[in-house]
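One structure is given here, and the rest of the page talks about it.
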Amino acid sequence: MNPTHRLETSKLCCSRGDRRLFRCLDFSLESGQLMYLRGPNGSGKTTLLRTLAGLLQPESGEVLWNGEPIQRQRDAFHNELLYLGHLNALKGDLNAIENLRMDGAVRGHAMDEQATWRLLGDIGLIGHEDLPIKHLSQGQKRRVALARLWCSRAALWILDEPFSALDVTAVNTLQAVIRNHLARGGMVILTTHQEVDLTSGTVCCVTLGAETPEVSHA
Amino acid sequence: MNPTHRLETSKLCCSRGDRRLFRCLDFSLESGQLMYLRGPNGSGKTTLLRTLAGLLQPESGEVLWNGEPIQRQRDAFHNELLYLGHLNALKGDLNAIENLRMDGAVRGHAMDEQATWRLLGDIGLIGHEDLPIKHLSQGQKRRVALARLWCSRAALWILDEPFSALDVTAVNTLQAVIRNHLARGGMVILTTHQEVDLTSGTVCCVTLGAETPEVSHA
Amino acid sequence: MLEALFWIVRRDVTIALRRRTDVFTTLIFFLIVVSLFPLGIGPELDTLRLIAPGVVWVGALLASMLALEQLFLADHRDGTLEQMLLAPQPLPVLVISKVIAHWLITGLPLVIMAPVLGLQYDLSAEALTVMVGSLLLGTPTLSLLGAIGAALTLGLRSGGVLVALLVLPLYIPVLIFGAGAVEATTSGLGGGAHLSMLGAILLAALLGTPLATAAALRVASE
Amino acid sequence: MLEALFWIVRRDVTIALRRRTDVFTTLIFFLIVVSLFPLGIGPELDTLRLIAPGVVWVGALLASMLALEQLFLADHRDGTLEQMLLAPQPLPVLVISKVIAHWLITGLPLVIMAPVLGLQYDLSAEALTVMVGSLLLGTPTLSLLGAIGAALTLGLRSGGVLVALLVLPLYIPVLIFGAGAVEATTSGLGGGAHLSMLGAILLAALLGTPLATAAALRVASE
Amino acid sequence: MQNRLINWFKFSSPATFYPLAGRLAPIFRVLAIVLIGIGLYMSFFVAPVDYKQGDGYRIIFIHVPASWMSMFIYLVMAGWSAIGLIFNTRLSAMMAQALAPTGAMFAFVSLWTGSFWGKPMWGTWWVWDARITSELILLFLYLGYMALVGATDDRRRADRAGAILLLVGVVNVPIIYFSVKWWNTLHQGATIRMNGQTSMDETMLLTMLIMALGFWAYSIAAAMVRIRAIILEREAGAIWVRELIGERA
Amino acid sequence: MSSILEKLNMGKYALYVWGSFGVTAACMILEPLLLRSRTARIRHQIARLNRLETNKR
Ligand code: HEM
Ligand SMILES: Nc1ncnc2c1ncn2[C@@H]1O[C@H](COP(=O)(O)OP(=O)(O)OP(=O)(O)O)[C@@H](O)[C@H]1O
Ligand SMILES: Nc1ncnc2c1ncn2[C@@H]1O[C@H](COP(=O)(O)OP(=O)(O)OP(=O)(O)O)[C@@H](O)[C@H]1O
Ligand SMILES: [Mg+2]
Ligand SMILES: [Mg+2]
């Protein structure tokens, strides 16, 4: 993962309904950096993440990828992006293997069945391959959704509360994967309400909740 | 809350699909006690909680409320029960006040608007009364769902991962409410993957994951 | 118990009125279906008058069936249904209140609209009256019967179409007597017998279906 | 790009086949609607032959419209749609693949089934051939146009019925030419002109609608 | 040039358009009352009795202008939508939404007066004639648009979804018109056309034109009042709205 | 007087002519009235929001 990337916002300002969530948010994130987004319930974390991914239009201001607005280079940006929201984006009627393979194909890199099996091993779901996703438990579903991280080629990961519903083991494995990604020059933006080791001593920490968000670089 | 109650299971055995989740689960819980249910993802916590609430039929064994099987006294048991699952049971098109009032009415104790407003204050949602629930954030939705605890008259609370999506403040408030309920002689059964103060030194701790679950009384 | 019934009706009607379109769309679907036939069949008034009772009744049936899917679906998805199952009230009563609300939202407007559509097909005043009567007796039955189907298919992916499949066979007697009443009137035989038959079916449905629906709901949310 | 198209089609068809009912229910809905009319109207063969093209086409239209709601709904609800919007592929291509899958699941079975139903109405062999042809050209257009409505109403509570309202006016030309083709054949005029018109509409829809649908999808998942 | 562009965008902001609409509305209201008044007088007292249809033909003076308006308003709405989608102006969607109910009303009036004309002329309230059918579809398009906008809570989404629908629908309008014509084999249209008697009385034509202008003014006035309501609804949080209402309250 | 009555009779077309003009008039009067109530409602709402805010301060 040689090329270095850069995600910036300039004077980003978002509102939902008639409520202004934050304004004048400026930060920049480079390859190898983790951004930890904090804030109480309803402070606009999800809104910000969706805006960064290009799913929402900001009220004003811009999101820049390598110096250019993301709307103007949608396909290139999406090629480098992996977004995981509150929803798992899994088909309840297909099993884990089918889900992962088809997901890869839409994303532009089809996987063979072998690779998918290995992936299932990584996320600790061996023995559950043949079950339709809808019959898995809450945490197991989340694991399958997160399996995308294991085989991702994207540089930028945007993760909205990735640790929710995971048990202690899974939380630790996930942290290891994220660390690994950062070490290889990836970028990660995440938000969580749980205390995890990963976020202590983060490079860039954005706290929402006040009118103008607080950005602190460690 | 004078009368003391007692929830017991005898030789409870559950399976989903072709997988036996646990068997021979025997425990009993009395007024004023908290039961903390633990186990990795997919170990059957949700299954057990739904069985205890009477939403699932166990494969064998029985759930007893004050010594009698719950199927034989459904209305009486449900009168004393409050179950909150992974889903929030809120109407996306109604706002928080309407949701809470109508929920109360179905449960048999209608609230007046005053009471509901106070409730909203308790859960920290003042200023969001007029928004349809579907426009609230993940954590705000969860808070509204949990508001039922504040005005509940039920003796037994069954809570499936109540802390998920809540921020730190809300987690603490919720713990206080649960403690309060226990102090007044209520019973609580809960499961969570997060570390919270409440569960350290619990009276009764059931750990799923092995063939026969481990029950430890402190 | 009655209070819970009242509150559920009130809640559902409030939700429907909040998005006023809900009431109108069933209605407009009915309107569109009934208006489509002349486009497919051709504009001759003689033919149209002949098929009018059938078309209006089939239209009403389809419209009320389409709306059926929503009956428990939202409640199921957001967990309200789970809470209803756990409520200390007899489930059939809760079911009845859901059905009443559903009929108020989707059935009643159809009944009111039908005469206007009948005019498009050049029906006589007498035939129109009988048509309204038959719909007034028939559509609640449709809602009651439909509730069973809605409960049975709850949470299945192909909900909408599956409901249709389960429910249409049950609807056929209502359709035959309903359209029959109007036809009998236009052909001068008088629709009284058909109408009283519809009334009888309604009574039977009112007594029997809530129990079946309640049972189906318990099964569906296992 | 084509690979993604292929995989999406494959995924959707797999899901549909997994719950085999899905394919059958649209079909059976069609079957039931078409069979209901003789019940509502009466069994005279002359009348029936007269209304057959209209009834079959209206039935096909309603059936394919009913299935429409599901087109993007499941994807929207479980977050797959979000991922599609973020995929490094042109969205209109993904839309087309969704529509192709939808047509294979819901449209094609109708086309295959139609002749059998036409027999019930005593249509001639020639008329049946033209009917199949018109459906083959017409139902993909219905799916393409319907996709716009499905995308616009995505996530709105009154989804199913609202789709009907938005989409039916767009369907009317297809209905008129489709039923017209069969009628022209039975009345000895030949349905060629109608069929080529249907083909032209299909081409136009193929070029124009995916863009509109993609735009609507982006709007819907804001 | 640059200057003019800026001017344009100035009026495309709700805050500046609100007072402008407030000034325009009464002008058109008066205009509408005067024109419709004159039109009504002329249609009842000046225009002569038709030799064939007697007094029944007087329905034409509202029927035809209402039909024209219903189609014209739809086109205008589609135009606003296109502008809104291209230039991303907030006002254009509001404009379309302000016009929709009036357009639907005129479509309804056209159908209603048409059937009240059809009953004495053809002996039936309704005929599945080409023109009538296309007018009915137009009404459906209006209703569909309003239902869609009404069912969408999120304003931005409602604006853009409505615009897409209108643009798709406008493609449909000519198609409907011609295809329905093709489908129609019953040439009831011959009765409708008065072009046959090209000697359409000049006073009749004049009356119809005056009525049409009156309806025009009415539509503008209604749209201006409605857009003010819509602006207030949407900008309820804005300071200028608060101050504006504050003065009065 | 009788001539006006005759005029109002519209030959034998009274029902149709007055039915048309009446409904049209009703529509065109009703619409502004509805609009007015809508505007008033919104103004009230905004005034309430104003009061709420001044109270808070
Ligand atoms: C429900 C019944 C009717 C409907 C919906 C209807 C609809 C319309 C519409 C949409 C137009 C405008 C067409 C255009 O400008 O291209 C129109 C025009 C007109 N209609 Fe009707 N109409 C109906 C019945 C009648 C009847 C019964 C008559 C006369 C016997 C009539 C006479 C006319 C005339 C003279 C015009 C103006 C023609 C022109 O400008 O080319 N309409 N009608
Ligand atoms: N309908 C079903 N059919 C087959 N297996 C099922 C079904 N529902 C659940 N299971 C299986 O039962 C097991 C227990 O599920 P359950 O939801 O109870 O787990 P859990 O302990 O709540 O896990 P989590 O912490 O992830 O919420 C899982 O392995 C799941 O795959
Ligand atoms: N469509 C909408 N209309 C109006 N308000 C909205 C809408 N969507 C979100 N909001 C509001 O925006 C605010 C921020 O929501 P968001 O989901 O971004 O919060 P969050 O920081 O992710 O919270 P949580 O920690 O609970 O997930 C909330 O107060 C919510 O009520
Ligand atoms: Mg969030
Ligand atoms: Mg669980």
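The values are calculated or read from the model by the stated rules, or taken from the named source; none is laboratory data. This one's a predicted model, so the numbers in the text were calculated from it and none came from an experiment. FYI the Cβ positions are ideal-geometry reconstructions off the backbone, even for glycines, and counts take in every protein chain you see.
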Inset, instruction - State whether the residues of segment B:112-124 include one that is closer than 27 Å to B:ALA210 by Cα and either more than 8 Å from every other protein chain (Cβ to nearest Cβ) or touching a helix residue (DSSP H, G or I) at 6+ places or on another chain (Cβ under 7 Å) (or both). - result: no
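Assess whether D:ALA67 counts as being under 11 Å from the mean Cα position of the chain (by Cα) and either under 21 Å from D:MET1 (Cα atoms) or within 13 Å of another protein chain (Cβ to nearest Cβ) (or both). First the steps, then the outcome.
On the way: under 11 Å from the mean Cα position of the chain (by Cα): yes; either under 21 Å from D:MET1 (Cα atoms) or within 13 Å of another protein chain (Cβ to nearest Cβ) (or both): yes.
Yes.
Just name the residue that is nearest to the chain's Cα centre (by Cα) out of those in segment E:125-141 that are at the interface with chain C (Cβ under 10 Å from one of its Cβ atoms) and closer than 17 Å to E:ILE60 by Cα.
E:ILE132
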Inset, instruction - Among the residues of segment B:150-194, write down those that are within 16 Å of ligand 2 (Cβ to nearest atom), touching a helix residue (DSSP H, G or I) at 6+ places or on another chain (Cβ under 6 Å) and in a strand (DSSP E or B). - result: B:ILE158, B:ASP160, B:THR191
Legend entry - Residue within segment C:129-148 that is more than 24 Å from C:ALA193 (Cα to Cα) and touching a His at 6+ places or on another chain (Cβ under 9 Å) present: yes
Inset, instruction - Please find, within segment D:25-57, the residue that is farthest from the other protein chains (Cβ to nearest Cβ) out of those that are of a type in the set (Val, Ile, Thr) and under 17 Å from the mean Cα position of the chain (by Cα). - result: D:VAL34
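Conditions tested, residue by residue: (1) farther than 30 Å from A:THR46 by Cα; (2) more than 11 Å from every other protein chain (Cβ to nearest Cβ); (3) not hydrophobic (A, V, I, L, M, F, W, C).
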| site | (1), (2), (3) |
| --- | --- |
| D:LEU152 | no, no, no |
| D:LEU166 | yes, no, no |
| D:PRO169 | yes, no, yes |
| D:SER187 | yes, no, yes |
| D:GLY190 | yes, yes, yes |
| D:HIS194 | yes, no, yes |
| D:GLY208 | yes, no, yes |
| D:LEU217 | no, no, no |
| D:GLU222 | no, no, yes |
Inset, instruction - State whether one or more residues within segment B:57-69 are within 14 Å of chain A (Cβ to nearest Cβ) and either away from ligand 3 (no atom under 16 Å from the Cβ) or touching a helix residue (DSSP H, G or I) at 6+ places or on another chain (Cβ under 7 Å) (or both). - result: no
Legend entry - Hits in segment B:179-189 - residues which are crowded, with 21+ Cβ neighbours inside 10 Å and aliphatic (A, V, I, L, M): B:MET187, B:VAL188, B:ILE189
Inset, instruction - Would you mention how many residues in segment E:148-167 are among the β-branched types (Val, Ile, Thr), facing chain D (nearest Cβ under 9 Å) and either in contact with a Pro (Cβ under 9 Å, 6 or more places away or on another chain) or assigned to a helix (DSSP H, G or I) (or both)? - result: 1
Inset, instruction - Determine which single condition B:GLY127 fails, assuming it passes every other condition in (1) touching a Gly at 6+ places or on another chain (Cβ under 7 Å); (2) under 30 Å from D:GLY155 (Cα atoms); (3) of a type in the set (Gly, Ala, Ser); (4) at pLDDT below 85. - result: (1)
Inset, instruction - Please specify each residue of segment D:41-94 satisfying the condition of being of a type in the set (Lys, Arg) and either crowded, with 19+ Cβ neighbours inside 10 Å or under 30 Å from A:GLU80 (Cβ atoms) (or both). - result: D:ARG77
Inset, instruction - Considering each residue of segment C:70-93, count those that are facing chain D (nearest Cβ under 10 Å) and under 15 Å from the mean Cα position of the chain (by Cα), and give that number. - result: 1
Legend entry - Failed criterion for A:ALA96 (all others in (1) closer than 30 Å to A:ASP130 by Cβ; (2) out of contact with any strand residue (DSSP E or B) (no Cβ under 7 Å at 6 or more places or on another chain); (3) within 16 Å of ligand 3 (Cβ to nearest atom) hold): (3)
Inset, instruction - Name, by its number, the condition in (1) within 14 Å of chain B (Cβ to nearest Cβ); (2) within 16 Å of ligand 4 (Cβ to nearest atom); (3) more than 21 Å from B:LEU166 (Cβ to Cβ); (4) of a type outside the set (Phe, Trp, Tyr) that does not hold for A:GLY209. - result: (3)
Inset, instruction - Report, by residue number, each residue of segment A:138-178 that is in contact with a strand residue (DSSP E or B) (Cβ under 8 Å, 6 or more places away or on another chain), away from chain B (no Cβ under 13 Å) and more than 16 Å from ligand 4 (Cβ to nearest atom). - result: A:ARG148, A:LEU149, A:SER152, A:ALA154, A:ALA155, A:LEU156, A:TRP157, A:ILE178
Legend entry - Single unsatisfied condition, A:ARG72 versus (1) away from ligand 3 (no atom under 16 Å from the Cβ); (2) within 11 Å of chain D (Cβ to nearest Cβ); (3) at pLDDT 85 or above: (2)
Inset, instruction - Among the residues of segment B:112-137, write down those that are touching a residue at least 24 places away in the same chain (Cβ under 8 Å), within 21 Å of the chain's Cα centre (by Cα) and more than 16 Å from ligand 4 (Cβ to nearest atom). - result: B:LEU119, B:LEU120, B:ASP122, B:ILE123
Inset, instruction - Six or more apart or on different chains, Cβ under 9 Å: which pairs go from a residue in segment B:35-49 that's on the phi > 0 side of the Ramachandran plot to one that's more than 16 Å from ligand 4 (Cβ to nearest atom) and β-branched (Val, Ile, Thr)? Could you list them? - result: B:GLY39/B:THR191; B:GLY39/B:VAL206; B:GLY39/B:THR207
Legend entry - Of residues in segment A:1-22 being within 14 Å of chain E (Cβ to nearest Cβ), touching a residue at least 40 places away in the same chain (Cβ under 8 Å) and buried (at least 16 other Cβ atoms within 10 Å of the Cβ), the one farthest from ligand 1 (Cβ to nearest atom): A:LEU21
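Considering each residue of segment A:144-172, count those that are among the aromatic types (Phe, Trp, Tyr) and farther than 23 Å from A:TRP65 by Cα, and give that number. Full working, then the answer.
Of all residues in segment A:144-172, those among the aromatic types (Phe, Trp, Tyr) come to A:150, A:157, A:163.
With the extra rule that they be farther than 23 Å from A:TRP65 by Cα, the set shrinks to A:150, A:163.
Adding up the residues that qualify gives 2.
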Inset, instruction - Check whether at least one residue in segment A:133-145 is surrounded by fewer than 20 Cβ atoms within 10 Å (Cβ to Cβ) and either in contact with a Cys (Cβ under 6 Å, 6 or more places away or on another chain) or in the same structural domain as A:GLU98 (by TED's automatic domain parsing) (or both), and report yes or no. - result: yes
Inset, instruction - For A:LEU90, work out the one condition from (1) more than 16 Å from ligand 3 (Cβ to nearest atom); (2) over 21 Å from B:THR47 (Cβ atoms); (3) more than 14 Å from chain B (Cβ to nearest Cβ) it doesn't fulfil. - result: (2)
Legend entry - Among the candidates E:LEU136, E:LEU99, residue that is in a helix (DSSP H, G or I) and either within 16 Å of ligand 5 (Cβ to nearest atom) or under 23 Å from C:ILE41 (Cα atoms) (or both): E:LEU136
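Filter segment D:5-49 for residues that are small (Gly, Ala, Ser), assigned to a helix (DSSP H, G or I) and more than 18 Å from C:LEU162 (Cβ to Cβ) and give the result. Break it down stepwise before answering.
Looking only at segment D:5-49, we keep the residues that are small (Gly, Ala, Ser), and these are D:16, D:35, D:40, D:42.
Now restrict to residues that are assigned to a helix (DSSP H, G or I): D:16, D:35, D:40.
The one that is small (Gly, Ala, Ser), assigned to a helix (DSSP H, G or I) and more than 18 Å from C:LEU162 (Cβ to Cβ): D:GLY40.
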Legend entry - Residue, nearest to ligand 1 (Cβ to nearest atom), within segment B:25-52, restricted to residues that are more than 14 Å from chain A (Cβ to nearest Cβ) and touching an Asp or Glu at 6+ places or on another chain (Cβ under 9 Å): B:LEU29
